[in-house]
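Any read-out appearing in this document is the output of simple, stated calculations on the displayed coordinates, not a laboratory observation. Note that the coordinates shown come from a computational prediction; the quantities given were computed from them, not determined experimentally. Reconstructed Cβ throughout: ideal geometry from the backbone, glycine too, with neighbour counts over all protein chains shown.
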Amino acid sequence: MSQNEEKNTLSQVDEIITPEWIIPVSRNGKRNLQALTKHSIAINKHKIVAISPTSQLLEQYSTTQHVQLPGQALIPGFVNSHTHAAMSLFKGLSDDLPLMMWLENHIWPAEKKWVDNSFCSDGVTLAVAEMLLSGTTCFNDMYFQPNMTAKVAQKLGMRATIGMLVFDFPSVWGTGWEDYLKKGLNLRDDYKHSELLSFAFAPHAPYTVSDEALGKIATLSNELSIPVHMHIHETAHEIKESLSKYGKRPLKRLQELELVNPNLIAVHMTQLQRNEIETVANHGVSVVHCPQSNMKLASGISPVQELLTANINVALGTDGNASNNDLNMFSEMKTASLLSKVYTGSAQASSAEDMLYAATMGGAKALGIDETCGSIEIGKAADLTSINLNTIQAQPLYDPVSQIVYTAGREQVTHVWVNGRLQVEDGKLTQLDEQKLISMATSWRDKIQNSRANA
């Protein structure tokens, strides 16, 4: 048989990727962070169809796109489990302030003046570009104008969970909680056939949403199997206000409203008592840890190792660019691990493997999309990030997982695929013009800065 005839007998696939290491993160529902060497993956029609030793895989599959990545680790794309993407245009607007002063005196007034469809479209585009360049392939968003977040994510080919925002008070997006819910559910219907977009109810926080609204969300969440994404127990001030107004802590109030269940994505959770950790564990709640934002706003420290010990699913998020001030999951992993070690007094707390899992599969589980992404497994979407570990800062290398969490940075991301589509190649965006994005961001800065100066 000639070589051409032999090639024709092979199964044709869209792409084959051959890195130095493949780190699956999970396999058949169990953690698996053991790096595979001399392996390749085959991608066809957006999905991973094979993971095998390279020699075997090349005997079974052929492709016109064979990407060889020596010295690089292939991991599942990061899942940034809590963002306010459009707030990228407020990055650095008001820093070094406590949460409520920052919100009430600076962010909320700026949002009232500037937030509209145009602002959110540009802000989300800027955020998606930053996330892709940082190896993130999915984000879980909560912000005004979710219609624009959905539109931009779909157009750019970015996976996202779109928050159906709910407040009691009116805003540019809705007149009251019933209007917010109606618009959110209509938006969900608009994208019901999307491979990239999923939806979550996003009541902002216990202190901005009433019992009536939260009760309705609990009912809808249960009936439609939709997650609920919410800031909970973010600050000591929040706890104090809840005790004063309701005579109970926020988590207890949410439990009485039947929101504490596996659909709940509880963001921050820096103020937790031991019995509350038990409640979260017993009810299957996922917790999103945002260490850098919590540190910057001095909100507190989430007891991550205690959560992990209680078998609670932990995910990682950056929060918004205005309170972090980046969308960099590498720095969140390292910060989360080191902060946990200091908090517990144990160097074994929140290991590198724990944090890489939280930044990928933990996020996918929290969003209810772990059958689609979060790990490198046959049948899952090809949401992948390649990290160059053949660098001065990464050498010598004994353990690629440790190196990714403790020494690597987003500048080492070379290739990113979302749903099988190459979004970053050799460290450059494949479909967005970086200089145009910078010019757009500068234009917004000038408008916002001039307005503040003339106020």
Can you check what the net charge comes to around Tyr191, using other residues whose Cβ is under 15 Å from the Cβ of Tyr191 (Lys, Arg +1; Asp, Glu -1)? +2
FRET efficiency (Ser225, Leu97; Cβ distance; R0 51 Å; to 0.05) is 0.85
Cross-link pairs Lys155/Lys216; Lys113/Lys365; Lys155/Lys447; Lys182/Lys245; Lys183/Lys296; Lys151/Lys248 - those with Cα-Cα distance over 30 Å: Lys155/Lys216; Lys113/Lys365; Lys183/Lys296; Lys151/Lys248
On a 27 Å Cα-Cα criterion, which of the cross-link pairs Lys91/Lys112; Lys192/Lys334; Lys91/Lys436; Lys192/Lys436; Lys112/Lys334 come out too long? Lys192/Lys334; Lys192/Lys436; Lys112/Lys334
Report, for the range 79-367, the % of DSSP beta bridges that are antiparallel, rounded to 5. 0 percent
Which residues in the range 410-450 place their backbone N less than 20 Å from a point set 7 Å from the Cα of Gln12 along the Cα-to-Cβ direction? 420-422
Over the range 268-362, what portion of Cα pair distances is larger than 19 Å, expressed as a whole percent? 34 percent
Using 7 Å Cα-to-Cβ label points, what is the Lys240/Glu425 separation (nm, one decimal)? 5.6 nm
Over 18 Å, how big is the tail of the calculated P(r) for the range 318-424, in percent of all Cα pairs? 57 percent
What net charge do the residues around Gln393 carry, taking every other residue with its C-beta under 14 Å from that of Gln393, with Lys and Arg at +1 and Asp and Glu at -1? +1
At 7 Å along the Cα-to-beta-carbon direction for both Asp189 and Asn311, put a label point, then send me their distance in nm to one decimal. 4.1 nm
What helix-only [θ] at 222 nm does the chain give? Using -39500 (n - 2.57) per DSSP H run of at least 4, over all residues, to the nearest 500, the answer is -11000 deg cm²/dmol
Report the net charge of residues surrounding Gly284, where surrounding means a beta-carbon distance below 14 angstrom and charges are Lys +1, Arg +1, Asp -1, Glu -1. -2
Which FRET efficiency value, to the nearest 0.05, is calculated for Ile378 and Asn275 with the Förster distance at 30 angstrom and r the Cβ-Cβ distance? 0.10
Length gained if Gln449 through Ser118 is fully extended, taking 0.36 nm per residue and subtracting the Cα-Cα distance, is 117.4 nm
Two decimals, Cα atoms only, Kirkwood Rh: what is Rg/Rh over the chain? 0.98
For Lys30 and Thr442, calculate 0.36 nm times their separation in residues minus their Cα-Cα distance, and state this gained length in nm to one decimal. 143.8 nm
Between Gln68 and Tyr398, what FRET efficiency follows from the Cβ-Cβ distance if R0 is 22 Å, with the result rounded to 0.05? 0.40
Restricting to DSSP loop positions (anything but H, G, I, E, B) with no more than 14 other Cβ atoms inside 10 Å of their own Cβ, which GluC sites (Glu not before Pro) remain in the range 191-255? Glu195
Report P(r) for the range 43-125: all Cα-Cα distances, bin width 10 Å, range 0 to the bin holding the largest distance, values in whole percent. 12, 29, 16, 15, 18, 9, 0
